[in-house]
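The values are calculated or read from the model by the stated rules, or taken from the named source; none is laboratory data. In this text the structure is predicted, and so the values were computed from the model without any measurement. Positions of Cβ are backbone-derived with ideal geometry, glycine not excepted, and every protein chain shown enters the neighbour counts.
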Amino acid sequence: MVFPAAAAGLRNERDSGRGGRVPSPAGVRRDPSGEPVTPMPSDERGARARVVCQAPEAPRANRAPGAPHLACAPRAVAPRAQLRTDTAHPARMYDYYLGGKDNFAADREAAENALAAAPELRAMARANRAFLRRAVAFAAASGVHQFLDVGTGLPTAGDPYDYSRADTRVVYADNDPMVLAHARALLARPGAATGVVAADLRNPEELLRDPGLRDVLDLDRPVALILTAVVHYLADGDDPRGAIGTLMAALAPGSLLVLSHATDGINPDSARGAAAAYAHLPTPMTLRSRPAIRALFGGLTPVSPGVVPTPYWRPARTPRGGSDRVWMYAGVARKDDSGAG
Ligand SMILES: C[S@@+](CC[C@H](N)C(=O)[O-])C[C@H]1O[C@@H](n2cnc3c(N)ncnc32)[C@H](O)[C@@H]1O
């Protein structure tokens, strides 16, 4: 399901019908170069409002049919990231690869540059979403129905979580204000135990402390940590292995780590060409080898078939032609009962 930007209080150039830059609303802040910086929706005190859904107050059986079982209330938080439409952002470039409409001219230009080097980026985005759906189904089949999805992205290709189950709980976390605005629209889903958290993977302690996470997830029970197509936006200096280790250490035994990551170990010319196109963006891409991606799992042992090219992780059917050009590895690991990892 694609949530219209208008529902989240956002517009893009296509919505404007003129194909050009959206006119700056009166009073819009500008950065030092004079480019508009569009603030996110604010509450009356000027702080950004975050919607937090509290834990169910009554068991489903005690509620009227169809009634939401969460109390959702805006909570003021300190302003953090702001929506920039003048610079490309990975969530919106990814939306463009997937054929979505929630992208701006800067995103489309950067995405076309990357596509010129790596035309398979569109197929990669689809393969990554398909892996995510398979991994979520694997988690559910393993009895894990809580999800911490960091680097959620825009819901261009739908929401992979199964809300037909009463015990599904999902926290969406991202550092892109537009992603967060769209994710908040998901909270309108009746009966869904969801939370939306403005968070940066580079600061896992802050994410773990966030009431938006604590109110939704029961960390005494297994959680699937979803890190699909996000860790390659962390440089080695950001200590991605440490960040993942901190998050996994906070999760109960039986929790899962679901990871997909761009590599230069497959189709290296395309991968390096695309990475060069990302290099001058605010979110450069760090390609990693298969051993380096395997190392991101720390002491956890990936379940069969291990860390493999994304289309080949437990495919439902024979991967389609062109799968061998997808330069992304994927794997899923389980934290064992000893808590190792
Ligand atoms: C390519 S999209 C992937 C979306 C989704 N995980 C998927 O696999 O379809 C990357 C997402 O990671 C987010 N992101 C990038 N760097 C991040 C960071 N340091 N902390 C949190 N989110 C980040 C971007 O905003 C974007 O939404």
Across the range 249-286, what is the number of residues that are over 30 Å from S142 (Cβ atoms) and not β-branched (V, I, T)? 19
Which one of these is farther than 13 Å from L148 by Cα and of a type outside the set (D, E): A173, A279, A224, A199? A279
So L213 passes all but one of these: (1) more than 12 Å from the ligand (Cβ to nearest atom); (2) out of contact with any strand residue (DSSP E or B) (no Cβ under 8 Å at 6 or more places or on another chain). Which condition number does it fail? (2)
Polar (S, T, N, Q) and more than 9 Å from the ligand (Cβ to nearest atom) - does that describe any residue in the range 225-237? no
Could you tell me whether R241 is of a type outside the set (D, E) and either free of Cβ contacts under 8 Å to residues at least 40 places away in the same chain or more than 16 Å from the ligand (Cβ to nearest atom) (or both)? no
Would you mind listing the strands (runs of 3 or more DSSP E) fully within the range 89-200 where at least 2 residues are in contact with a helix residue (DSSP H, G or I) (Cβ under 8 Å, 6 or more places away or on another chain), more than 11 Å from the ligand (Cβ to nearest atom) and closer than 16 Å to V230 by Cα? 146-150
If only one of G299, G265 is among the small types (G, A, S) and farther than 24 Å from V326 by Cα, which one is it? G299
Within the range 133-146, can you find the residues that are surrounded by 21 or more Cβ atoms within 10 Å (Cβ to Cβ), under 14 Å from A333 (Cα atoms) and of a type outside the set (V, I, T)? A135, A139
Can you name the condition, by its number, that L259 falls short on among (1) of a type in the set (A, V, I, L, M, F, W, C); (2) more than 25 Å from Q82 (Cα to Cα); (3) within 14 Å of the ligand (Cβ to nearest atom); (4) assigned to a helix (DSSP H, G or I)? (4)
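Condition check ((1) charged (D, E, K, R); (2) under 12 Å from the mean Cα position of the chain (by Cα)) across all residues:
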| position | (1), (2) |
| --- | --- |
| S164 | no, no |
| D167 | yes, no |
| Y172 | no, yes |
| A183 | no, yes |
| A199 | no, yes |
| P204 | no, no |
| D210 | yes, no |
| L219 | no, no |
| A224 | no, no |
If G212 meets every condition in (1) in contact (Cβ under 8 Å) with a residue 40 or more places away in the chain; (2) on the phi < 0 side of the Ramachandran plot; (3) part of a loop (DSSP other than H, G, I, E, B) apart from one, which number is that one? (3)
Can you tell me which residues in the range 262-284 are within 16 Å of the ligand (Cβ to nearest atom) and under 17 Å from N113 (Cα atoms)? A271, A274, A275, A277, Y278, A279, L281, P282, T283, P284
The one condition I266 fails out of (1) at pLDDT below 95; (2) more than 27 Å from F147 (Cβ to Cβ) is (1)
Residue match in the range 218-236 (condition: out of contact with any Pro (no Cβ under 6 Å at 6 or more places or on another chain) and farther than 23 Å from G299 by Cα): yes
Kindly indicate whether any position in the range 284-303 is modelled with pLDDT under 95, farther than 26 Å from A91 by Cβ and assigned to a helix (DSSP H, G or I). no
One residue from L247, L208, L257, L219 being among the hydrophobic types (A, V, I, L, M, F, W, C) and surrounded by fewer than 17 Cβ atoms within 10 Å (Cβ to Cβ): L219
Complete set of residues in the range 152-172 that are under 23 Å from M93 (Cβ atoms) and crowded, with 24+ Cβ neighbours inside 10 Å: T152, G153, L154, Y172
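On the basis of being part of a helix (DSSP H, G or I) and more than 11 Å from the ligand (Cβ to nearest atom), does G254 make the cut?
Values: part of a helix (DSSP H, G or I): no; more than 11 Å from the ligand (Cβ to nearest atom): yes.
Against the criterion (part of a helix (DSSP H, G or I) and more than 11 Å from the ligand (Cβ to nearest atom)), G254 does not qualify.
Just need a number here: residues in the range 304-327 that are outside any loop (DSSP other than H, G, I, E, B) and among the aromatic types (F, W, Y). Full working, then the answer.
Of the range 304-327, the ones outside any loop (DSSP other than H, G, I, E, B) are 308-312, 323-325.
Narrowing further to those that are among the aromatic types (F, W, Y): 312.
Number of matching residues: 1.
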